[in-house]
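A short write-up of the structure that comes next.
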Amino acid sequence: MGSFDELEQIREQALVDLTGASTTAALEAWEDRYLGRKGEITLRARTVGQLPQENRPAFGQRVNEIKRLLVQAYEARAEEISHAELETRLATEAIDVTLPGRPVTPGHLHLTTQALRELYAIFGKMGFEVYEAPDVELEAYNFDLLNIPEYHPARDMWDTFWVKETGEGPSNRRLLRTHTSPGQIRAMRERCPEPIRVILPGKCYRYEQITVRAEHQFYQLEGLAVGRGITMTDLIGTIAQFARMFYGPDRTVRVRGSYFPFTEPSVEVDTECILCGGKGCPVCKYTGWLEVAGAGMVHPVVLENGGYDPETWSGFAFGFGVERPSMMKYNVQDIRWFYGNDLRFLRRF
Ligand code: PHE
């Protein structure tokens, strides 16, 4: 134990073994064996304390010298090996730069998103800001406050998806909004007593049979303007301007009397069929006209529910379908394709 001879033997053996190690793995094993925590050299260094006093300095010094020497030899060998390994890899592995690359297929915006953004831009130019309202709505906002009380026949116009979790009292039940009009009340209650000019985009839900023309979820774009002295002329002017910007400068707009509980008077807005230009075709069912929006002057009861005195304030509101105009514009024959996630359809736009 602790003899100089043994130490020199270990050194010689270590150097021989090192030359024999020709892979990274073998090199690691070698390091473990000689220089590791339980390696030969490390163990010898620990025995210094047990030697006779007079031998300790010389032995300790020699152990340290050998350790340094082996570490140096190890590093040199490691360098050689990694160099050699790289050489073999370069020689054996080859990159065929003539292979065709993998195509990068970036996604793009959904047709509905594109349509919404176009609508935001058009109404933005007319001074409307986007106002977001929730999809899960209180019954009160979706119906009662819009002048549609519980037993009003107009509730039949919207077959409703109800949310299981219910609040207190009949008007606090939750539902998936059947139209974007409840956002009118939210915008009014938040902005009162300031004038308002907002558009409210969003998904609407109706418990309906799905057909080529009707989905149970679809987008609407609501518009609301509240101010002093706003008239029907402002509504018609806004819709006409929209139609010119969205469908083209020569588009004729027609306004027909209609009924909604939350507007008075109420109208329905048609444009000349964009496919046949008004001559008559299957898309417009040979009428020459396409229905694009419901609209009207905000009902005094609704203004009051929003916090505005109908004696001094007035306003108009409109609601567009978002998918319908795209269907017209791109001749999409089935509304179910919008949310069917079929890439063959989505990639067309
Ligand atoms: N909310 C109505 C619908 O869903 C559309 C509408 C909006 C009508 C605003 C008048 C005013 O059909």
Spin-label pair L346/E85, simplified geometry with 7 Å Cα→Cβ offset, distance in nm: 4.4
Relative packing of 295-304, 110-119, which averages over residues the other C-beta atoms within 10 Å, highest first: 295-304, 110-119
Over the chain, relative contact order from alpha-carbon pairs under 8 Å, at least 6 apart, %: 14
Partner aspartates and glutamates for K125 [C-alpha distance under 17 Å; skip if fewer than 8 residues away on the same chain]: E222, D234
Cα-Cα separations in the range 186-238 greater than 18 Å, expressed as whole percent: 51
Highest-fluctuation residue, G202, G319, G49 considered, GNM on the chain with Cα pairs under 10 Å: G49
Charged-residue dipole, Cβ positions (Lys, Arg, Asp, Glu), the chain about Cα centre, Debye nearest 20: 800
Given charges at beta-carbon only (K, R positive; D, E negative), |dipole| of the range 41-163 in Debye: 1540
Over the range 41-155 - Rg/Rh using Cα atoms and the Kirkwood inverse-distance radius: 1.63
Assigned charges on the beta-carbon of Lys, Arg, Asp, Glu; the range 2-92 dipole about Cα centre (debye): 420
Square roots of five times the Cα gyration tensor eigenvalues for the range 115-156, Å: 30, 11, 10
By average C-beta atoms within 10 angstrom, highest first, the peptides 254-263, 69-78: 254-263, 69-78
Alpha-carbon Rg with Dmax, taken over the range 259-349, Å: 17.9, 55
Quarter of the Cα convex hull surface for the chain, i.e. its orientation-mean projected area (nm²): 35.7
Listed residues I41, I236, I148, most fluctuating in the chain (Gaussian network, C-alpha, under 10 Å): I41
Residue with peak Gaussian network fluctuation, the chain [Cα springs, cutoff 10 Å], from P153, P106, P182: P106
Cα-based convex hull, the range 2-92, per residue volume (Å³, whole number): 70
Residue-by-residue Karplus 3J(HN,Hα) for the range 272-279, coefficients 6.51, -1.76, 1.60, Hz, glycine and proline x: 4, 4, 7, 7, 9, x, x, 6
Cα lying deepest toward the dipole's positive end in the range 2-92, options A21, A76, I66, charges on Cβ: I66
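Every read-out reported here was derived from the displayed coordinates using simple, explicitly stated rules and does not represent laboratory data. Nothing here was measured: the structure is a model prediction, and the numbers come from that model. Using ideal geometry, Cβ is built from the backbone for each residue, glycine included, and neighbour counts are taken over all protein chains shown.
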